[in-house]
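Worksheet for the structure shown next.
Throughout, read-outs are computed from the coordinates displayed, never taken from laboratory work. This is a predicted model, so every value here is computed, not measured. For neighbour counting, all protein chains shown are included, and Cβ atoms are generated from backbone atoms with ideal geometry for every residue, glycine included.
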Amino acid sequence: MDKERMKEAFQQMLEGIKWTAMSAGKQFPHYADGKTGKWVFSPNGDWTGGYWCGMNWLAAAATKDVLYHQWAQKWIGLLDERVHSRTVFRGFLFYYGAVLGSILLKDEKARDLAIRAARSVYSAYDEKAGLIPLGEEAEEASNVGNAEANIDGVCATPLLLWASRETGERSLAEVAIHHALQHLKLCVRKDGSVCQSATFDPSGNLVRRYTHKGYSEESTWARAQAWAMMHYTVAYQWAPQEKKLLEISLHVSEWWISHLPEDGVAFWDFDDPEIPHANRDTSATAIAAAALLKLSHLVGDEEKSERYKAVALQSIERLVSHYLTPTSKGDGRRPGMLLEGCFNKKLGVALESELIWGDYYLLECLSHLLGHTEPTMF
Ligand code: GLY
């Protein structure tokens with residue numbers, strides 16, 4: 001993909017942010033109908049509100065347009081009431097929602113919010129089990145209870161590691177690393193594939209593996225794999241002395257690369273027997289591409305670095321050329337929608353939709369490729 005096409009895609013996404021910001025009121029865009037572009041909003045940001053703020057932080061950093069900065073500030077103000085929410089997914093909310101603002105715009109309110117949230121997440125640590133459980137307000141806790149684990153929840157690790165650096169509180173980093181390594185035991189299979197969810201005993205030992213959103217307990221849900229790639233890579237970025245984190249990132253990323261369809265866009269679950277007629281998940285693909293761009297900068301091996309970048313570029317190019325609105329000349333939908341994300345196939349929710357985190361990760365990839373940001377800045 002040439003630079004002009006990348007710029008154009010980035011611009012489409014910036015336009016899309018404007019359209020959304022004008023219609024969102026005091027709610028957070030969560031997912032949108034692929035045909036109409038009509039958003040389903042979440043009133044309090046659910047686990048995804050940070051991605052909406054993150055898009056505005058990226059847009060503000062790239063354009064220096066104060067409007068995006070004001071929108072980011074407006075919506076992080078609304079996230080403040082979530083600082084003590086009982087969910088490990090505050091990692092998603094406050095890393096992308098607030099840490100980015102501190103790093104990219106030196107926004108003091110964002111920094112303060114991220115540190116308060118990190119301290120609160122830290123206080124949910126279960127010392128005996130060596131991890132932070134889902135928590136009762138986590139989306140996935142609704143049908144299994146709060147004392148469970150899933151790979152998505154490793155999103156707490158980057159938030160805690162960043163906050164430890166900012167504050168000098170080493171305990172935050174210690175908990176972050178334990179939390180990440182416990183999830184290796186619970187969710188990562190020997191071959192490098194990832195199982196989303198796990199039950200653990202009071203000492204943190206694995207009791208059983210299962211899945212909330214995947215096809216089956218033995219299958220590999222695309223976002224489980226992609227989240228592992230992202231969370232362990234960002235964790236290593238903040239804790240480069242922890243070589244185990246890099247080892248895990250490489251293991252799960254190699255699995256992704258060797259199972260990715262030829263066109264570079266993942267199906268929602270690698271083991272759905274309906275493939276090639278199964279739903280895609282462009283959001284998993286965007287997460288993984290963003291992780292591979294980071295990993296290519298961190299791996300310290302030329303061959304791997306080039307390969308990870310090439311796979312990321314192939315996916316990004318395909319997302320832009322086939323799944324980003326407008327997809328044709330007469331396409332009247334909101335610009336910058338990343339189509340064909342698959343939110344929750346099991347529950348039949350948003351199977352061919354725009355998902356706010358898919359948008360975010362594609363914007364992040366384009367921002368890095370255009371040189372507005374460095375892959376390892378955040
Ligand atoms: N729980 C995060 C996800 O659905 O990917």
Only one of A129, A62 that is assigned to a helix (DSSP H, G or I), touching a residue at least 60 places away in the same chain (Cβ under 8 Å) and surrounded by fewer than 24 Cβ atoms within 10 Å (Cβ to Cβ): A62
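If the requirement is being in a loop (DSSP other than H, G, I, E, B) and within 22 Å of A24 (Cα to Cα), which of these qualifies: G330, G336?
Just one listed residue meets the conditions, G336.
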Checked the range 339-362 for anything crowded, with 19+ Cβ neighbours inside 10 Å, assigned to a loop (DSSP other than H, G, I, E, B) and either hydrophobic (A, V, I, L, M, F, W, C) or out of contact with any Asp or Glu (no Cβ under 9 Å at 6 or more places or on another chain) (or both); matches are L339, C342, F343, A350
Filter the range 182-208 down to the residues that are farther than 15 Å from D269 by Cβ, touching a strand residue (DSSP E or B) at 6+ places or on another chain (Cβ under 9 Å) and away from the ligand (no atom under 16 Å from the Cβ) and list them by number. Q182, K185, V188, T199, F200, D201, P202, G204, L206, V207, R208
Residue that is surrounded by the most Cβ atoms within 10 Å (Cβ to Cβ) [pool: residues in the range 213-232 that are under 15 Å from L260 (Cβ atoms), within 9 Å of the ligand (Cβ to nearest atom) and within 12 Å of the chain's Cα centre (by Cα)]: R223
Take the conditions within 16 Å of the ligand (Cβ to nearest atom), touching a helix residue (DSSP H, G or I) at 6+ places or on another chain (Cβ under 6 Å) and within 24 Å of L366 (Cα to Cα) and apply them to D263. Does it pass? no
Of (1) without any contact (Cβ under 8 Å) to a residue 60 or more places away in the chain; (2) within 15 Å of the ligand (Cβ to nearest atom), A286 satisfies all except one. Which? (1)
Out of L79, L100, L105, L58, which single residue is away from the ligand (no atom under 16 Å from the Cβ) and farther than 28 Å from M6 by Cα? L79
Collect the residues in the range 185-200 that are buried (at least 19 other Cβ atoms within 10 Å of the Cβ), of a type outside the set (S, T, Y) and within 16 Å of W256 (Cβ to Cβ), keeping them in residue-number order. C187, V188, G192, V194, C195, Q196
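Surrounded by fewer than 22 Cβ atoms within 10 Å (Cβ to Cβ), without any contact (Cβ under 8 Å) to a residue 12 or more places away in the chain, at negative phi and basic (K, R), is that true of K329? Working first, answer last.
Details: surrounded by fewer than 22 Cβ atoms within 10 Å (Cβ to Cβ): yes; without any contact (Cβ under 8 Å) to a residue 12 or more places away in the chain: yes; at negative phi: yes; basic (K, R): yes.
The answer is yes for K329.
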